[in-house]
Every structure is written in structure tokens, then in C-alpha cells.
Amino acid sequence: MPEIPAIEVENLTKVYTSNGKVTRAVDGISFALTPGTVTGLLGGNGAGKTTTIAMILGLIEPTSGHARVMGAEMPRERYRVLERMNFESPYVDMPNRLTVRQNLTVFGRLYAVADLRERIAAIAAELELSDLLDRPTGKLSAGQKTRVSLAKALINRPDVLLLDEPTASLDPDTADWVRSHLERYRGEQNATVLLASHNMAEVERLCERVIIMKRGRIEDDDSPGALLARYGRDNLEDVFLDVARGRGEAAREAAQ
Amino acid sequence: MSMASTSALAISPRRVGAMVLRYLYLLRSSWSRVLDLIYWPAVQLFVWGFLQYYIAQNSGFFARAAGMFIGAVLLWDILFRGQLGFSVSFLEEMWSRNLANLMFSPLRPIEFVAALMVMSIVRLAVGMVPVTILAIVFFGFNLYGFGFALVAFFANLILTSWSVGIVVSGVVMRNGMGAETLAWTVMFILMPLTCVYYPVSVLPEWLQYVAWALPPTYVFEGMRALVLEQTFRADLMLAAFALNLGYFAIAVAVFLALLRSARRIGSLLQSGE
């Protein structure tokens, strides 16, 4: 029996209509992610990454097509799988007046985490938050807040983790620290991770597969090594620029 | 991990409790929020209490109807503060940009609504109990002296306040913070129509039909019957309750429709205007 993909997207389309103007934010994309893999979703601003992730999360209803997580159709069947998923995004905050411990307690209860007190202590130790547990979340630095958001995203030990620019606005040291933790988590839990990022070094380091989006469509989809070879480039940033500036085809032909 | 029901309609007391806990943490962390709950009801009480005191000295009718204004203002505050307690708890999620975290979590919309209803009562209790004690101390008006009638008044007013709060929250969720003003002002349209301070018979005949379509009208008429005639009008309370059940069901349906619409237009990820 074939393995059910952790995430499966099939002809997924999102069209917004505003004042008679039609915008195809996501335009008929398809991909399937094998359980236990880390995939990067690359693309410039407005490429459709966040909309795609939001449809997979069930926060946005597709205009047509399908988004399935562990076999559950999103958003219709989301309650089958939401306890086994989580996400983190710089566009979503935690309540600032609550302490870190209070925030993790609330989300731990929402996700039915067993032995919550011990789980909070453990994840705080892992993410070096133990000394910050009783401080208001709003009083923390950007890097500390990101670690709190990550703690929230990992509180239920998710099988599927969606991350929207998890290291945006972090200094290189903290960003590297976050990446190391994500690598460790994926290794320990065999979790599936879908990561939207503008940081090419991050994607190169963490992801075994890269999906490049442009104007709502998938422009390319392969392993980082295969993409570098195909475009004749040394790093993903140059591949990204080739695609973003419309010279992807020329670069591919030149590399052949 | 628990094997909780996967139905959208399955209500988990644990998840409702988690949300109530979230709002209690917030109240505990902010003395200004607690003070705000008491401040306006107390100001209202003193304005109307002293006005009634003055009028009663110059009018036989108002001397006989002692407490009518104070009773009306306290019941109005149950209606207004009940809705505000519901809506402000919801707005806290918008202000803190936390709505997407909740909407993506296993929390069901109906559990979210249930938690907001609980918080509406908690916030009302924090604000109103001290004010009812002030009414006894300063004006000799004991709201609790209404006895069982107070239970009927309260149940009907809080149900109406929840119905309005549910619809307002749905509109803000779908349309963003540009619609926040509704939460603070929408209840005032009910003030003249539900005849808080005067009998329904004062209204033009065509407007009386509108008034009788609103459950709080029955409560304020019932309160006047109790104060002026010492009669508890169970018929009015039952009629209000029947109307309230209908409005509550409509409000929940509207909220779920607005949530579906918010998913379609992508507004759950945004907390701005």
C-alpha cells in the first residue's frame, strides 16, 4: 500500500476578486511531500508562498483544487489532523501580556498535550527559555520571541510543521541556532517540515527539496543539488535570482 | 496525545477552559483592564442615582417609583457590559495578532464562543458586583431584592448581549479592525428602542412593533411592573426567552457564515484594517 503523503497539494488555486480586479494568488500548483522530509518553499514577495501555507493550514479556503494533510482534506477535515500539526510565522504573535509559561500552558491545553508541566519545562530547556518562563512575552527581544513562537509550534511534538520565514529579522547567530534546533527536531521526531523562506542559505542547509514559486505558480521543484546543476550556479541565491528575473530558461539552457 | 473527537461540533471543556484561562491571565496582568470594568458602571450609577434622588423629592410618582432609574441603569449595564465583555475578549485576539494561532489550533469555533460567553459573565461580575453594592450603600437600592425576577432579567439580558457580541465578533473577524467601532457602539441603537427608562407606550405605534421584537424591552417593562406594581410578569420573561433563543441561534449561524467567508477572503491571517 503506498504511503500517504504528509502534505499533498493538487491543482491548488486561490483567486481573489476585489473591485472587479481578479488576482490569482496561487495558480494550479501540485506537489506531495514524503513524511519525514524538509522542503523549502522559495519565491519573491507575492509569489504565493504564504497563501499556499495558509491553505494547507486550513486558514484560507482554496478556490479550487485540494490541500491534504496526512490524508485529511483542508479545511473541511481539519479537526482530524490539527492536533498533529503546528506552525510558526512572524506575521502571527503570541499574546504579549501573558508570560511565556502562561502562553505555553494555554496552547498546550488547546493541543491536549499530556504532562504539560513537564513538557513546558523540557521545551523551555531545549530552546533555552527556562529563565524567561515567567517574563511577559511582550518584554522579550525579537530573538527570544522567535524562540517562544518555536516553543509554541513544537509544544505538541507535531508530525507536520509549517514554518513561514522562521528566522526573519533574527541576527545570524540566533538564526543559526534556530536552524540547528529545527534540524535536531526533524531528526528526532521524523517530522515533515514545509518551510517558506527568503533566506537561501537556510533553505540550502535545511531542505532536501526546494519548490520555487513565482506569480502563484511552481517554476521549479527539485533537490538543491539538482537545481544548482540545472541552472549552472554555485548557490541557490543565484538560482532564485535567475527565476525571479525571468532568465531561468536561459540559465538552464546555458547550463546544458 | 488524546484521541479527541474530530467533529467540528465536539465541544471539549478542556479547550474552553484553556481559553478562559488565557483571558483570566490577561485580566490578572492588567489592573487598568479591571478598573475599566468598574469605572463606567459606577459613574452611570451615581449620575442616575442622584438624578432620581432629586426628582423623587419633587414628584409623588417618582417618590413611589423609588429605584426605577437605578434599576434600569443597572439592568442596562448588564446588557451593555455583557456584550462588551464578550466583544472585548474577542478583540484582545485581534489586538494581539493571535487569531490565526487559535483558528489553526484544534479549538472549535463553538468552543471559542463558549469561552467568550464565560468571560462575558466573569467581566460582568467583576464590574457589576461592586457597583450593586455601591447602589445599596449610597441609594438604598438593593438589586438583589428583586429575587427570582433578577435571575429572569439577568438570563434574558445576557442572552441578548451574547447574540449581539457573537455577530459583532464575526463581523470584525471577517472585515478586520476597521469594524472595531461596532463593538463599542452597536448596543446604543437598542437603548431608545428597548425603552430602558420609559414605558413602551411612549413610542409611536409603529415603533412599538420594533420594540416588542427586542427581548430587552420585555425585561425593562418587567422591571417597571415589579417596581411600580410589585408584580412579576412571568409572561414577559417567557416571551423574551423565546425571542432570545431564536436570536441566539441566528447569531451563531451568522458567526459561522462569517467565519467561512473569512476563510474564503483570507482575513484570518490579518489583524489590521
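Values in this text are rule-based calculations from the coordinates and carry no lab data. For clarity, every value in this text was computed on a predicted model and none was experimentally measured. Heads up, the Cβs are rebuilt from the backbone with ideal geometry, glycines too, and the neighbour counts pull from every protein chain shown.
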Q | Exposure proxy ranking, count of Cβ atoms within 10 Å, fewest first, for A:Lys14, A:Lys145 | A | A:Lys145, A:Lys14
**Q.** Shape call, chain A: gyration tensor on alpha carbons, a/c limit 1.5
**A.** prolate
Q | Cα gyration tensor shape of the protein assembly as shown, rounded if a/c is under 1.5, else prolate or oblate by comparing a/b with b/c | A | prolate
**Q.** Inter-part distance where segment A:196-217 and segment A:126-141 are each reduced to a Cα centre, Å
**A.** 30 Å
Q: Mind checking which of B:Ala249, B:Leu203, A:Ile120 is farthest towards the positive end of the protein assembly as shown's charge dipole, using Cβ charges of +1 (Lys, Arg) and -1 (Asp, Glu) about the Cα centre?
A: B:Leu203
Q: With 27 Å as the limit, write out which pairs from A:Lys21/A:Lys145; A:Lys49/A:Lys152; A:Lys14/A:Lys145 have Cα-Cα distances beyond it, or answer none.
A: A:Lys21/A:Lys145; A:Lys14/A:Lys145
Q: Within segment A:62-159, report the chymotrypsin sites (Phe, Trp or Tyr not before Pro) that DSSP leaves as loop and that have at most 15 other Cβ atoms within 10 Å.
A: A:Tyr91
Q: Provide the FRET efficiency to the nearest 0.05 for the B:Asn58-B:Gln208 pair, computing r from the beta carbons and using R0 = 35 Å.
A: 0.75
(Q) If you take each beta carbon of peptide A:87-98 and count the beta carbons of other chains within 10 angstrom, what is the mean? (A) 6
Q.
I'd like the FRET efficiency for A:Gln189 and A:Leu116, computed as 1/(1 + (r/R0)^6) with the beta carbon distance as r and R0 of 30 Å, rounded to 0.05.
A. 0.95
Q.
Per residue of segment B:68-83, what does 6.51 cos²θ - 1.76 cosθ + 1.60 with θ = phi - 60° give for ³J(HN,Hα)? Whole Hz please, x for Gly and Pro, Karplus curve as stated.
A. 4, 5, 5, x, 5, 5, 5, 5, 4, 5, 4, 5, 5, 5, x, 5
Q. What's the exposure ranking of A:Lys49, A:Lys21, going from fewest to most Cβ atoms within 10 Å?
A. A:Lys21, A:Lys49
Q: Choose one answer from A:Met94, A:Met74, A:Met55: the residue with the largest mean-square fluctuation in a GNM of chain A with alpha-carbon springs under 10 Å.
A: A:Met94
Q: For chain B, with a Gaussian network of springs between Cα atoms less than 10 Å apart, report the residue from B:Ser89, B:Ser161, B:Ser261 with the top mean-square fluctuation.
A: B:Ser261
Q. With a sphere of radius 15 Å drawn around the Cβ of A:Gln144, what net charge do the other residues whose Cβ falls strictly inside it have (Lys, Arg +1; Asp, Glu -1)?
A. -2
Q. What's the FRET efficiency of A:Asp176 with B:Trp184 using the Cβ-Cβ distance as r and R₀ = 56 Å, to the nearest 0.05?
A. 0.75
Q) Which order results if B:Glu111, A:Glu3 are arranged by neighbouring Cβ count within 10 Å, fewest first? A) A:Glu3, B:Glu111
Q. GNM on chain A, C-alpha springs below 10 Å: top fluctuator among A:Val193, A:Val38, A:Val106?
A. A:Val106
Q: Report the net charge of residues surrounding B:Pro41, where surrounding means a beta-carbon distance below 14 angstrom and charges are Lys +1, Arg +1, Asp -1, Glu -1.
A: 0
Q) Suppose every K and R has +1 on its Cβ and every D and E has -1 on its Cβ; what is the size of the dipole of chain A about the Cα centre, in Debye to the nearest 20? A) 880 debye
Q. In whole Å, how far is the Cα centre of segment B:83-160 from that of segment A:154-174?
A. 37 Å
**Q.** Virtual paramagnetic centre 7 Å along Cα→Cβ of A:Glu10, amide N under 19 Å, in segment A:41-77
**A.** A:52-53, A:55-58, A:61-77
Q) Within a Cβ distance under 14 Å of B:Tyr197, other residues only, what is the Lys/Arg minus Asp/Glu net charge? A) -1
